[in-house]
1. Residue by residue, what Karplus-based ³J(HN,Hα) values in Hz, rounded to whole numbers, does the range 30-43 have, using 6.51, -1.76 and 1.60 with θ = phi - 60° and x for Gly and Pro?
2. Output ³J(HN,Hα) for the range 9-16: one whole-Hz value per residue in order, computed from phi by the Karplus curve 6.51 cos²θ - 1.76 cosθ + 1.60 with θ = phi - 60°, and x for Gly and Pro.
3. Which shape class applies to the range 50-190: rounded if a/c is under 1.5, otherwise prolate when a/b exceeds b/c and oblate if not, where a ≥ b ≥ c are the square roots of the Cα gyration tensor eigenvalues?
4. List the lysines whose alpha-carbon lies under 16 Å from that of Lys76, not counting same-chain residues fewer than 8 positions away?
5. Restricting to the chain, what percent of DSSP beta bridges are antiparallel, rounded to 5?
6. Which of the aspartates and glutamates could be linked to Lys168 by a straight reach, that is with a Cα gap under 17 Å, when you skip same-chain ones fewer than 8 residues away?
7. Mind checking the per residue accessible area of the range 1-149 for me, 1.4 Å probe, whole number of Å²?
8. Dipole of the chain, Cα-centred, from +1 at each Lys and Arg C-beta and -1 at each Asp and Glu C-beta, to the nearest 20 debye?
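The values are calculated or read from the model by the stated rules, or taken from the named source; none is laboratory data. Since we're looking at a predicted model, the values are computed, not measured. Cβ placement follows ideal geometry from the backbone for every residue including glycine, while neighbour counts extend to all protein chains displayed. Side chains are part of the model used for accessible areas, which takes the heavy atoms of the whole protein and leaves out ligands, DNA and RNA. Shrake-Rupley method; radii C 1.70, N 1.55, O 1.52, S 1.80 Å.
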Amino acid sequence: MTRIVVTEFMSLDGVMEEPRWTFQFDRGPEGDKFKYDELFASDALLLGRVTYQGFAQAWPSMGGDDFGQRMNSIPKYVVSSTLADAEASWGPTTVLRGEVAAEVAALKARPGGDLLVEGSSQLVQALARHGLVDEYRLMVFPIILGSGKRVFPDAMPGPATLAVSEAKTLSSGVQLLTCHPAPAEAPAAG
């Protein structure tokens, strides 16, 4: 079965929008390895339209190293009701036009490796609300931004408890967190 892995740059207050603010922090070799490993462990990217279009403009000119080549060549799924097929031309791209939860659930049911979700705030929030995320890989930066698009939705159908499987703080204060949905607790016998 395919896993959905969400990776985000995030401020302490949960903001992930336009992450140029991360440039002031040195994530060092460990932070670079964190990003490298997740990309190369994935079979495809799963993106929202806005993120896809931004990446499609930026990444073709950054294909000079292994990371850039992988970003340009990895298969991509884009969730969008408005993106035309002619606009989906950055490497191998499939546009998913149906209801988000159903489309992603169908992808998860297929055999395969990880689908890596980057950016894509609306998509990430929809996946979180529907319990479709198998792993969160977060780079949490020691900054409070106060406003902007956030990683997690304002409302959930119920609490979503996560288990932290890895946590590391870099010398710059950036935290590398890997979290998974916590197993549901069995009802107490009584």
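1. 5, x, 5, 5, 4, 6, 4, 4, 5, 5, 6, 8, 9, 8
2. For the range 9-16, the Karplus curve yields 8, 9, 7, 4, 9, x, 7, 10 Hz.
3. It comes out oblate by the Cα gyration axes.
4. Lys76 reaches Lys108.
5. Roughly 35 percent of the beta bridges in the chain run antiparallel, per DSSP.
6. The reachable aspartates and glutamates, counting only those whose Cα sits under 17 Å from Lys168, are Glu8, Asp26, Glu30, Asp32, Asp37, Glu38, Glu135.
7. 47
8. Dipole of the chain, to the nearest 20 debye: 200 debye.
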